[in-house]
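**Q** The structure under discussion is supplied below as structure tokens; questions concerning it will follow.
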Amino acid sequence: MGLPPSLDSVVSGAGHSFDRAAALGSRVCPAVPVLFFGDLDAYLGSALRVVTVGLNPSLKEFPSDDPFLRFRLAENAGREDSGRYLEALSAYFRTKPYGEWFGNYEPLLNGMGASYYNGATSRVLHTDICSPVATDPTWSHLSETDRAVLVDDGAPLWHELLEVLQPSVVVLSVAREHLGRIMFDPLAPWGLIHRFDYTADGALRARPYEAEGCWYVVGDEPSLFVFCPASQTPLGLISHNHRHELGSIVADTYLRGW
């Protein structure tokens, strides 16, 4: 695997986050920190580099009856074996992905000509803005103390990772409050990308669904960040057809530039 040299420090940072979280009763164990989900080489070779964003890995990534089911190559990888660890992350969508959750993003990504899986023009990586450490309970049910410890390591690590990944488009479908965690320099304020006034069935929405965008400088290049309101799941407020349509609009917005 051809790796950017600067990725080494990010991998080390993920290990530090995982070790520090050992003092928290909420850390899932046995497990590994998940710096990203998806095929890194395929992503780096994509014409359109797309990154999706959540909060932290689900406890379902490490099933109690077979914790390394989804990251088999990481099961016996030592801390010094960063190559094997990264191969495990890259193999995620070729192994046993948590498809029910990631399937929420796929229609949007497909509208951009992208996917987490083989066959698309561009391969997507998933990242987590708060922490690479899986927890039980989920983020919204963690104590304020646990969240503070995880974010203290995880948020700077996420920014460092994105500087390595140099994404074209970053898609966030999380609670709006988490947009405040983005510390990159904006090139302009957040603005409307597209609004759905009607449902897929043609009914007038009580509240329009609005996707917003903002260009940030990541490393030395502009990246389009897209915020898509979530419900219980990413993009859960709009239909699969509308997600696909929105993906096409996002891709066009990126191609027009900032």
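The values are calculated or read from the model by the stated rules, or taken from the named source; none is laboratory data. In this text, all values refer to a predicted model and were calculated from it rather than measured experimentally. Cβ: placed from backbone, ideal geometry, glycine included. Neighbour counts: every protein chain shown. Accessible surface areas use protein heavy atoms only, side chains included; no ligands, DNA or RNA. Shrake-Rupley method; radii C 1.70, N 1.55, O 1.52, S 1.80 Å.
**Q** For Leu204, indicate whether it is of a type in the set (A, V, I, L, M), more than 12 Å from Leu108 (Cβ to Cβ) and in contact with a Phe, Trp or Tyr (Cβ under 9 Å, 6 or more places away or on another chain).
**A** When the stated conditions are applied, Leu204 passes them.
**Q** Would you mind stating whether Arg84 is of a type in the set (D, E, K, R) and touching a helix residue (DSSP H, G or I) at 6+ places or on another chain (Cβ under 6 Å)?
**A** yes
**Q** Go over the candidates Arg195, Arg207, Arg176 one by one and state the one that is over 27 Å from Phe93 (Cα atoms), touching a residue at least 40 places away in the same chain (Cβ under 8 Å) and open to solvent by 50 Å² or more (accessible area, probe 1.4 Å).
**A** Answer to the check: Arg176.
**Q** Quick check: anything in region 142-149 under 26 Å from Val218 (Cα atoms), touching a helix residue (DSSP H, G or I) at 6+ places or on another chain (Cβ under 6 Å) and modelled with pLDDT of 95 or more?
**A** Scanning region 142-149 turns up no residue that is under 26 Å from Val218 (Cα atoms), touching a helix residue (DSSP H, G or I) at 6+ places or on another chain (Cβ under 6 Å) and modelled with pLDDT of 95 or more.
**Q** On to the next question. Quick one: which of Thr135, Thr52 is within 15 Å of the chain's Cα centre (by Cα), crowded, with 19+ Cβ neighbours inside 10 Å and within 25 Å of Ala155 (Cβ to Cβ)?
**A** Thr52
**Q** Oh, and also: Does Ser140 fit the bill of being over 15 Å from the mean Cα position of the chain (by Cα) and closer than 24 Å to Leu44 by Cβ?
**A** It is false that Ser140 is over 15 Å from the mean Cα position of the chain (by Cα) and closer than 24 Å to Leu44 by Cβ.
**Q** Condition test on Pro156, is it part of a loop (DSSP other than H, G, I, E, B), of a type outside the set (Lys, Arg) and either open to solvent by less than 10 Å² (accessible area, probe 1.4 Å) or more than 20 Å from Ser239 (Cβ to Cβ) (or both)?
**A** Considered against the rule, which asks whether it is part of a loop (DSSP other than H, G, I, E, B), of a type outside the set (Lys, Arg) and either open to solvent by less than 10 Å² (accessible area, probe 1.4 Å) or more than 20 Å from Ser239 (Cβ to Cβ) (or both), Pro156 comes out as no.
**Q** On the basis of being open to solvent by 30 Å² or more (accessible area, probe 1.4 Å), in a helix (DSSP H, G or I) and among the basic types (Lys, Arg), does Arg84 make the cut?
**A** yes
**Q** Next question, about the same structure. Which of the residues spanning region 99-125 are in contact with a strand residue (DSSP E or B) (Cβ under 9 Å, 6 or more places away or on another chain), surrounded by 15 or more Cβ atoms within 10 Å (Cβ to Cβ) and not in a helix (DSSP H, G or I)?
**A** If the condition is that a residue be in contact with a strand residue (DSSP E or B) (Cβ under 9 Å, 6 or more places away or on another chain), surrounded by 15 or more Cβ atoms within 10 Å (Cβ to Cβ) and not in a helix (DSSP H, G or I), then Tyr105, Met112, Gly113, Ala114, Ser115, Tyr116, Tyr117, Ala120, Ser122, Arg123, Val124, Leu125 are the ones that fit.
**Q** A further question on this structure: Given the conditions (1) of a type in the set (Gly, Ala, Ser); (2) within 19 Å of Val53 (Cα to Cα); (3) without any contact (Cβ under 8 Å) to a residue 12 or more places away in the chain, report the number of the one that Gly119 does not fulfil.
**A** (2)
**Q** Got a number for residues in region 64-105 being touching a residue at least 24 places away in the same chain (Cβ under 8 Å) and either in contact with a Ser or Thr (Cβ under 6 Å, 6 or more places away or on another chain) or not small (Gly, Ala, Ser) (or both)?
**A** Selection size over region 64-105: 21.
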